Amino acid sequence: MTQQENDLFLIKPSDAVSWVFCVRRAWLDMHLATDFVVDPFMQLLFDAGLQHEANTLRRLQNDHDVQQATSFDHTRALMQLGVSVIYQAKLRNREKGLIGYPDFLIRHDSGLYQAADAKLTQNKNKKVLQIQLGVYRQLLDNSLPAVVYLGDGTTASYSDEVNTQVSAFIQSMRRLRVQTEQPHVHYSHSRCRICPYYAYCLTQFEADDSLSLLYGIHGRTAEHLTQAGIQTISQLAAQHAEKIPDVPHLKGLQRKQRAIIQAQSVQSGKVFLLRDIVLPEGVWIHFDIEDNPLSSTRDRHVYLWGLLVPPFTASDFDYVWTDNEATDYQGWLAFLRKIQQYRVRYKSVVLAHYSNHEKTTIKKYAERYHMLDNKTVQWLLGLEGETSPLFDMQKAVRDSLILPVQGYGLKEICKHPELVNFQWEIEASGSQWSVVQFNNFLVADEHDKQRIKSEILAYNRDDVIATRKLEVWLRTLSTQRVDGSVDIIDA
């Protein structure tokens, strides 16, 4: 075996990404690695991270002599020369079984070096970040803290406080290396769908009738239920709430009853009504935003405020668009003016949206531009005695219904053929797709800009049409309740 092949078996700080995400993913990377198409959104984040690294490099070059390492031997030579900053260093310790490539090695006054990485995240407490920088400290084998240059321009450092996490990571990776069977894990609706091994694992979860496929059943919940003899969705569906023990995230009769009904819904395809769906009276306007988390300031830039007004045809789609974050404030003011116009035009406006993201974004914009005392903002947010017109349809659905779906996202409910049955014009579209398209828009020529903008507008238009279709479907449930198409649960 060549030296290069031997290096493949060494533990890398970057392995922490898969390990923190899912130990089975880390095992599969070792034993069943496969080529896969990189998700466009993940590629966008990767490219933004490289740009952040390049920006950090330029800042360091302004103040230090920075030299780029080309090999492990070259890295050691540059360290012996006492170079101020070594870029793209290469470190290896075969005795410890570690290998790593920190973005920077920075010479301390003591003559020793400390590792530094540029990371796009603004969260210094991310577990994967602490492990990665902690492994670099082990490779350097000194007591100096490792440094991270965060995406918001701040820095953070990690010392011995991360050693426990680093040791757990290294020991686990060593076990996974020699383990012949893949680790047992539970399904996670938010994580598994973005994993390159999703299709591979989903087949097994479905064959096992895994409890963790069920909405509201966390991994720890499934583990404890399994210990109590409830191993599958079918078994849970046949349970009585009072006989299920209290387990993490599933305590109290009401939660247990809901979990049982969720299992029954998935098995039967039935819709269960827990309580009457209360929809506010008034003129409904459907509302959805598209925002870019990768703005230069890292403050989310809303590039599209989308609205659907009566009579709710595709031609009734209304919006405010901004070409870039330089016009962010103007877009915000235009949105407020449009909302005020609706308030004058219609009586008792209901501004319907799906999830709390829209309301949270309005509040952040009001704080960003010091406009919490603005009358329209106060009305939107329900401040100073105002009644907010904002209505979160997702909360209404979750509070009142149990549906045969794995997750209660807008698309999962609306695209379901036995529920709303609305299909988006652009099949691949979604919130992350929109972000990728907008970042493409920012660098495109004028011809492509118009095409990309049209596609983003079509996606957002379909989003607000979908919430309108959902509204209509929710209203029909009251009729179906009478004719027996919907099961009513006293919960």
Find the residue count for segment 154-189, including only residues that are surrounded by fewer than 13 Cβ atoms within 10 Å (Cβ to Cβ) and either in contact (Cβ under 8 Å) with a residue 40 or more places away in the chain or in a loop (DSSP other than H, G, I, E, B) (or both). 5
Selection from segment 93-126 of residues within 19 Å of ASN142 (Cβ to Cβ), part of a loop (DSSP other than H, G, I, E, B) and in contact with a His (Cβ under 6 Å, 6 or more places away or on another chain) yields none
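Those residues that are closer than 30 Å to TRP332 by Cβ and out of contact with any helix residue (DSSP H, G or I) (no Cβ under 9 Å at 6 or more places or on another chain), I need them from segment 262-304; list them, please. Let's see the steps before the verdict.
Initially, segment 262-304 is screened for residues closer than 30 Å to TRP332 by Cβ, giving 279-304.
PRO280, GLU281, GLY282, ARG298, listed by residue number.
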Unique match (being among the basic types (Lys, Arg) and more than 28 Å from the chain's Cα centre (by Cα)) among ARG343, ARG368, ARG398: ARG343
Any residue at all in segment 229-244 that's touching a residue at least 24 places away in the same chain (Cβ under 8 Å), surrounded by fewer than 20 Cβ atoms within 10 Å (Cβ to Cβ) and of a type in the set (Ser, Thr, Tyr)? yes
Of (1) crowded, with 18+ Cβ neighbours inside 10 Å; (2) within 25 Å of ILE99 (Cα to Cα); (3) not assigned by TED's automatic domain parsing to the domain that holds PRO102, LEU150 satisfies all except one. Which? (3)
Can you name the number of the only condition in (1) surrounded by 15 or more Cβ atoms within 10 Å (Cβ to Cβ); (2) modelled with pLDDT of 95 or more that ALA207 fails? (1)
Checking ASP288 against (1) of a type outside the set (A, V, I, L, M); (2) within 23 Å of GLU412 (Cα to Cα); (3) assigned by TED's automatic domain parsing to the domain that holds GLN341; (4) out of contact with any His (no Cβ under 8 Å at 6 or more places or on another chain), which test does it fail? (4)
Residue check for HIS52: over 30 Å from TYR200 (Cα atoms) and either among the basic types (Lys, Arg) or surrounded by fewer than 15 Cβ atoms within 10 Å (Cβ to Cβ) (or both): no
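For segment 17-85, list the helices (runs of 4 or more DSSP H) that sit wholly inside it and hold at least 2 residues that are assigned by TED's automatic domain parsing to the domain that holds THR121 and touching a residue at least 60 places away in the same chain (Cβ under 8 Å); which are they?
Numbers: elements: 23-31, 40-63, 72-81.
Here the list reads 23-31, 40-63.
The values are calculated or read from the model by the stated rules, or taken from the named source; none is laboratory data. Just so we're clear, the structure is a prediction, and the values are computed from it rather than from any experiment. Heads up, the Cβs are rebuilt from the backbone with ideal geometry, glycines too, and the neighbour counts pull from every protein chain shown.
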